[in-house]
Amino acid sequence: VDTSLFVPPKKSFKGNKVLYVGKIDETSEWKGISYLFQAIANVKKVLPTVELEMIGTGNHVQKFKNYAATLGLSKTITFSGEQKGESLVKKYQNSSVLVLPSVSNAESFGMVLIEAMASGIPVIGSSIGGITQVIDHTINGLLTPPKNVQKLTDSIISILQSPAKAKQMAKKGREKAVEEFEWD
């Protein structure tokens, strides 16, 4: 990752914004988006101001907009399309946590995790595939069992309600991104 582009924000972000970055299409069902939406519905019961921003494109965007509506989350979940460069960096910087809820070992690495870590935000990912090589559980992020909506819910709430813990994870994530995943 280019750690000179993906950098922490100058000011701490205040809010309850969860971020997803990835494909939103038929070939990416293994990304676990439906589980994330269910978890956000649960989080909203505890933290009514929670927001989920979906970054990405694909042929299932409308399907997931409809699913958000059935869960009563149309105003909670926004779809921002594809973002690149500085625009993507700002999306990371203006978020509280990035979630990658993959449900298959097809998730070989999770580049978005590294970008988020370099951008100074904590991450949550499923404990499968290459994700476990990126996230050191409770050190620079949290790992949850795939398809476990309750554990995902608990992890999101934990980070959103614990700013000191989130800040520490973000710091450790940035350190790991620089030490192990910097372009140089």
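The values are calculated or read from the model by the stated rules, or taken from the named source; none is laboratory data. All values reported here derive from a predicted model rather than from experimental measurement. Positions of Cβ are generated from backbone atoms using ideal geometry, with glycine treated the same way; all protein chains shown enter the neighbour counts. All accessible areas refer to the heavy atoms of the entire protein, side chains included, with ligands and DNA or RNA removed. Shrake-Rupley method; radii C 1.70, N 1.55, O 1.52, S 1.80 Å.
For region 38-100, the carbon plus sulfur part of the accessible surface works out to 51%, probe radius 1.4 Å. When a/c reaches 1.5 or more, the comparison of a/b and b/c decides; with that in mind, is region 64-113 rounded, prolate or oblate per its Cα gyration tensor? Oblate. In this structure the amide hydrogen of residue 144, modeled in the peptide plane, comes within under 5 Å of the amide hydrogens of 125, 126, 127, none closer than 5 places in sequence on its chain. The apolar share of the surface of region 124-184, taken as the fraction of accessible area on carbon and sulfur atoms (1.4 Å probe, ligands and nucleic acids excluded), comes to 50 percent. Counting only protein heavy atoms and a 1.4 Å probe, the chain has 47 square angstrom of accessible area per residue.
Could you tell me whether the chain comes out rounded, prolate or oblate from its Cα gyration tensor? Rule is a ≥ b ≥ c as square roots of the eigenvalues, rounded for a/c under 1.5, then prolate if a/b exceeds b/c, otherwise oblate. Since a/c stays below 1.5, the shape of the chain is classed as rounded. Computed over protein heavy atoms with a 1.4 angstrom probe, the accessible surface ordering of 67, 20, largest first, is 67, 20. So what's the gap between the Cα centers of region 143-172 and region 50-81, to the nearest angstrom? Spelled out, the Cα-based centre of one part sits 21 Å from the other. Projecting the alpha carbon convex hull of region 1-94 along each direction and taking the average yields 6.6 nm². Our Cα-only numbers for region 1-46 put the radius of gyration and Dmax at 14.7, 38 Å.
Cross-link partners of residue 75 among lysines, defined as those whose alpha carbon lies under 20 angstrom from its own and excluding same-chain residues fewer than eight positions apart: 14, 17, 44, 45, 63, 65, 91.
Counted by Cβ distance under 11 Å from residue 2, the other residues give a net charge of -3, where Lys and Arg count +1 and Asp and Glu count -1. Axis angle, to the nearest 10 degrees, between helix 61-70 and the longest C-alpha principal axis of the chain: 60 degrees. The orientation-averaged projection of the convex hull spanning the C-alpha atoms of region 40-127 amounts to 6.4 square nanometres.
Sequence-distant contacts, meaning Cα pairs under 8 Å at least 6 residues apart, place the relative contact order of region 50-142 at 23 percent.
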